[in-house]
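Presented below is the structure to which this report refers.
The values are calculated or read from the model by the stated rules, or taken from the named source; none is laboratory data. Given the structure is predicted, the values throughout are model-derived calculations rather than measurements. Backbone-built Cβ (ideal geometry, glycine too); neighbour counts: all protein chains shown. Ligands, DNA and RNA are excluded from the accessible area calculation, which covers all protein heavy atoms including side chains. Shrake-Rupley method; radii C 1.70, N 1.55, O 1.52, S 1.80 Å.
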Amino acid sequence: PRRARRWVLLSQLFQPLNLPAGVEAGWEGEPGCRSQRLMLQAGLIRPASPGCYSYLPPAVRAVEKLVRAMDEEMQAVGGQKLNMPSLSSAELWRASGRWEQMGPELFRLEDRHGKGYCLGPTHEEAVTELVAAQSNLSYKQLPLRLYQVTRKFRDEPKPRFGLLRSREFYMKDMYTFDASEEAARQTYDLVCNAYCSLFDRLGLSFVKVRAATGSIGGTVSHEFQLPADIGEDRLLLCPDGHFAANVETLNREQTSCPTCGEKLTQTRGIEVGHTFYLGTKYSSAFKAVFYSPENKPQLAEMGCYGLGVTRILAASIEVLSSEDSIRWPRLIAPYQLCFVPPKRGSKEEEEEGAELLERLYDNLTEAQPHLAGDSVLDDRTQLTIGKRLKDANKLGYPYVIVAGKRVCEDPPIFEVWDQNAGEVLFLTKEAVIELLSKVQVS
């Protein structure tokens, strides 16, 4: 008997493509953009209320792959993963002075006993209190690099652009504790380099720019930006790469690079990551101390580092896709492969084209077991191959393997659409397996 299949049947995948009229624009009154429209049309997200979305199964797969890639980068720099509550005490935020400072963007509520809370947009207070509670922390235990990937909340006055500016979102946030300013700055460089590595792996063009510290605080801050017309941030860049900054950090007179004197060029960007050297702003408020070699208490030097998980997902679609077709970073595509068998009743079906495609799948997944769970079979064989290819192109599977007219040849030839490269290859079974041996799955 044929072994149990692990490919997903497209007819059974919960990915509603036929949306009611008007849903493509998002929630009523929300300005839209390309990534929002494409994600809605592709059945990746669905609006639930202004600035809040349901993530449908393919989007969840992409998010999970992105988080796995982040885990690899964070753990490579000594990160330890934890999980802190979304519900945070008002007392914590008052201790840091941010309960009043954050203003109306903070979601605030009271429990039945009248105690104040907020839904955390970030967790500096919570993590610093957590570390401060370890009363005998030794310098030997530092550096401490703690991170989480959780839902965050921000009461946006005007949610817009789908997942690029929403009220509820996923973020990876790391908080670091070091024994000295010098060590904390080394940690800062280390984590920034890990961010660069992540964006390189995703194949995204990014710029690291000087940024304002805002409500987080601290003395040094950088943003990681994806250049895009829809971006809300204005950036000034040296054409030779010597200087990059968010306009909000500069005075109006600065128009040339301070290093080489070249005229700065202006572009717009989508912020996808932000790093801060905090010093002792939070450790002094919560008495987060460690004991030195002389057994004396010293305040820990801190940094915090955010990556917008769902924002990276949307921003990558925004910058890589065409107006009508999604293109994913290969590493995080929900499914790497889409198999398209012959149309029902066609000559190719009669000549066992579907069986040949299944045999190819079996041989491929024996050679590359990790691809078994990353494959979709478009079993809507009542539709033409052309119609199913059009859908596959819109949804952005990196590779589409078709049992077309040449599958009847000896040896059988399969069409392989490499979506990211924009080319079609005609390959034997062995050549398909060789080509796909290079596919990486996060």
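Test Ser54 against the criterion of being touching a Cys at 6+ places or on another chain (Cβ under 8 Å), outside any loop (DSSP other than H, G, I, E, B), at pLDDT 95 or above and not β-branched (Val, Ile, Thr), and give yes or no. Step through it out loud before you land on a result.
Working: touching a Cys at 6+ places or on another chain (Cβ under 8 Å): no; outside any loop (DSSP other than H, G, I, E, B): yes; at pLDDT 95 or above: yes; not β-branched (Val, Ile, Thr): yes.
No; evaluated as a whole, the condition is false for this residue.
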_Going by what's in this entry, would Asp240 be described as of a type in the set (Asp, Glu) and touching a Lys or Arg at 6+ places or on another chain (Cβ under 8 Å)?_
no
*Please enumerate the residues belonging to segment 107-157 that are part of a loop (DSSP other than H, G, I, E, B), under 26 Å from the mean Cα position of the chain (by Cα) and in contact (Cβ under 8 Å) with a residue 60 or more places away in the chain.*
Thr122, Glu156
*Name the pairs: first residue in segment 411-429 and of a type in the set (A, V, I, L, M, F, W, C), second residue modelled with pLDDT under 95 and open to solvent by less than 60 Å² (accessible area, probe 1.4 Å), Cβ to Cβ under 6 Å, at least 6 apart or on different chains?*
none
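Of everything in segment 100-145 that's among the aliphatic types (A, V, I, L, M) and closer than 13 Å to Cys304 by Cβ, which residue is surrounded by the most Cβ atoms within 10 Å (Cβ to Cβ)?
Initially, segment 100-145 is screened for residues among the aliphatic types (A, V, I, L, M), giving 102, 106, 109, 119, 126-127, 130-133, 137, 142, 144.
Checking the rest, the ones that are also closer than 13 Å to Cys304 by Cβ come to 126-127, 131, 144.
On the way: Ala126: 20, Val127: 26, Val131: 21, Leu144: 22.
The qualifying residue surrounded by the most Cβ atoms within 10 Å (Cβ to Cβ) is Val127.
Pick from Lys390, Lys394: which is of a type in the set (Lys, Arg), closer than 19 Å to Ala421 by Cβ and free of Cβ contacts under 8 Å to residues at least 60 places away in the same chain? Write out each step before concluding.
Numbers: Lys394 fails: free of Cβ contacts under 8 Å to residues at least 60 places away in the same chain.
Only one candidate passes the filter, namely Lys390.
Take the conditions touching a helix residue (DSSP H, G or I) at 6+ places or on another chain (Cβ under 7 Å), closer than 18 Å to Ile216 by Cα, in the same structural domain as Phe276 (by the TED database) and in contact (Cβ under 8 Å) with a residue 40 or more places away in the chain and apply them to Ser88. Does it pass?
Numbers: touching a helix residue (DSSP H, G or I) at 6+ places or on another chain (Cβ under 7 Å): yes; closer than 18 Å to Ile216 by Cα: yes; in the same structural domain as Phe276 (by the TED database): yes; in contact (Cβ under 8 Å) with a residue 40 or more places away in the chain: no.
So Ser88 does not fit the description; no.
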*Scan segment 142-152 and give yes if some residue there is over 30 Å from Asn295 (Cα atoms) and either touching a helix residue (DSSP H, G or I) at 6+ places or on another chain (Cβ under 7 Å) or of a type in the set (A, V, I, L, M, F, W, C) (or both), otherwise no.*
yes
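Could you list, in sequence order, the residues of segment 394-411 that are in contact with a Ser or Thr (Cβ under 7 Å, 6 or more places away or on another chain) and either over 11 Å from Gln336 (Cα atoms) or polar (S, T, N, Q) (or both)?
Kept after step one, since they are in contact with a Ser or Thr (Cβ under 7 Å, 6 or more places away or on another chain), are these residues of segment 394-411: 394, 396, 411.
Of everything in segment 394-411, those that are in contact with a Ser or Thr (Cβ under 7 Å, 6 or more places away or on another chain) and either over 11 Å from Gln336 (Cα atoms) or polar (S, T, N, Q) (or both) turn out to be Lys394, Pro411.
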